[in-house]
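Working notes, structure below.
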Amino acid sequence: MDEREFGRSGQHASVVGLGTWQLGADWGDVDDKEALTVLEAAAESGVTFFDTADVYGDGRSEQTVAAFLSGRPDLHVLVATKMGRRAEQIPENYVLDNFRAWNDRSRRNLGVDRIDLVQLHCPPTPVYSTDEVFDALDTLVEEERIAHYGVSVETCAEALTAIARPGVASVQIILNPFRLKPLHEVLPAARAAGVGIIARVPLASGLLSGKYTADTVFPENDHRAYNRHGEAFDQGETFSGVDYATGVEAAVEFAALAPEGYTPAQLALRWIIQQPGVTTVIPGARSPEQARANAAAARLPELSEQTLAAVRDLYDRRIKEQVEGRW
């Protein structure tokens, strides 16, 4: 699989990575054996970038990634984790002492002395404008606790503030055919600054897979059941902030745009891969088959200008009004 460089850091990642939120929590139940088979399928398909977080299953996801990699010393996988969401979400918690404590826990979970990439996990907006926060992150690099750092953001405005920071190696942001706003300013600014872009929620929490209907029932412990209106965390993390009924209808139209040989999910992933400035896209997977199908999107032919225009038209007609003003 092709790899792309996180410009400032010199690190590389496969164009399709693996998001591991679902291997920890909030997506229904996945047992440890299933989780390991997903990681194995992704790695065997050429995936060299795993994205996790200390809050996914309260460390379970990090531990699962570590357990897999400890048995595969032949693999070179860039592992990115996140920190900050296990604490009360106030700017005052984003200080060096807490960073060290959070980092110690993640390093234990991952079984490493130095973490490849640590990202602030969608912190309160004022954090992005606080010099002391980034001084503290620089200290973690100097202490060789982390190799590089980045941020995971909710809004385009937060992304642009972070990109202006000279030490930020990457910005993780929601980007998919139902969330086009980052294309306007964020991706061009990241390219100019040499900042990597990690595209998350690429299938709009599964909407763009075309598998769900108005009658689909999600488990109670699945955020697609309990966070549709932002009850637990930012609403944009669930179905990209799109009203479920609208999303299901628009997803039917989207699926009809898939060229021969593409699944709807692969169309969404291929669309993201083609956006200038994207370093890697991190779909999740709950089965080895899903992991392999996601990775296969990297090897599909480029989408035509006609298909790209049709995706834009669908967004403008059905989705833009709901999401563009908020994120």
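The values are calculated or read from the model by the stated rules, or taken from the named source; none is laboratory data. The structure displayed is predicted, hence computed values, not measured ones. Please note: Cβ atoms are built from the backbone with ideal geometry, for glycine as well, and neighbour counts cover all protein chains shown. Only protein heavy atoms, including side chains, enter the accessible area calculation; ligands, DNA and RNA are left aside. Shrake-Rupley method; radii C 1.70, N 1.55, O 1.52, S 1.80 Å.
For the chain, with every protein chain kept in place, what is the accessible area per residue (1.4 Å probe, Å²)?
Here the residues of the chain average 41 Å² of exposed surface.
Can you work out the Karplus-derived ³J(HN,Hα) for every residue in region 185-192? Use 6.51 cos²θ - 1.76 cosθ + 1.60 with θ = phi - 60°, whole Hz, and x for glycine or proline.
So the J values, rounded to whole Hz, are 10, 5, 5, x, 5, 5, 4, 5.
Could you let me know the centre-to-centre spacing of region 5-75 and region 217-239, using Cα atoms, in angstrom?
First find each Cα centre; the distance between them is then 22 Å.
In region 1-20, whose amide N lies under 18 Å from the spot 7 Å out along Cα-to-Cβ of Arg191? List them in ranges.
3-8, 15
Quick one: angle between helix 32-44 and the longest Cα principal axis of the chain, in degrees between 0 and 90, rounded to 10, please.
Orientation of helix 32-44: about 80 degrees from the principal axis.
Note down the magnitude of the dipole of the chain about its Cα centre, charges +1 on Lys and Arg C-beta and -1 on Asp and Glu C-beta and zero elsewhere, to the nearest 20 debye.
Numbers: 31 positive and 48 negative charges, 99 e Å.
That gives the chain a dipole magnitude of about 480 debye.
Let me check I have the definition right: for region 1-79, take the eigenvalues of the Cα gyration tensor, multiply each by 5, take square roots. What are those semi-axes in whole Å, largest first?
Taking √(5λ) for each Cα gyration eigenvalue gives 22, 14, 11 Å.
Given a Förster distance of 25 Å, report the FRET efficiency between His76 and Asp138 from their Cβ-Cβ distance, rounded to the nearest 0.05.
It comes out at approximately 0.45.
Based on Cα positions only, what radius of gyration and what Dmax would you give for region 34-74, in angstroms?
Taking only Cα atoms of region 34-74, I get Rg and Dmax of 10.1, 28 Å.
Only helical DSSP H runs with n ≥ 4 go in: add -39500 (n - 2.57) per run for the chain, normalise by residue count and round the 222 nm mean residue ellipticity to 500 deg cm²/dmol.
Roughly -10500 deg cm²/dmol at 222 nm, from the helical runs in the chain.
Tally up the carbon and sulfur contribution to the accessible surface of the chain as a whole percent, 1.4 Å probe, everything protein left in place.
Result for the chain: 48 percent of the exposed heavy-atom area is carbon or sulfur.
Once the principal axes of the Cα atoms of region 191-232 are found, what is the range along each, listed largest first in whole angstroms?
44, 25, 15
Would you mind pulling out the separation of the Cα centroids of region 126-200 and region 243-321, in Å?
One Cα centre to the other: 24 Å.
Work out Dmax and Rg for region 83-191 from the C-alpha atoms and quote the Rg first, both in angstrom.
Spelled out, the Cα radius of gyration and Dmax of region 83-191 are 13.9, 40 Å.
Quick one: divide the alpha-carbon radius of gyration of region 238-283 by 2.2 N^0.38 Å and tell me what you get.
1.26
Counting DSSP beta bridges in the chain, what percent are antiparallel, to the nearest 5?
Among the beta bridges of the chain, antiparallel pairing accounts for roughly 20 percent.
With the Cα gyration tensor of the chain in hand, convert its eigenvalues to equivalent ellipsoid semi-axes via √(5λ) and list them largest first in whole Å. Mind showing how you got there, number by number?
Details: eigenvalues 162, 96, 79 Å².
Whole-Å semi-axes of the equivalent ellipsoid: 28, 22, 20.
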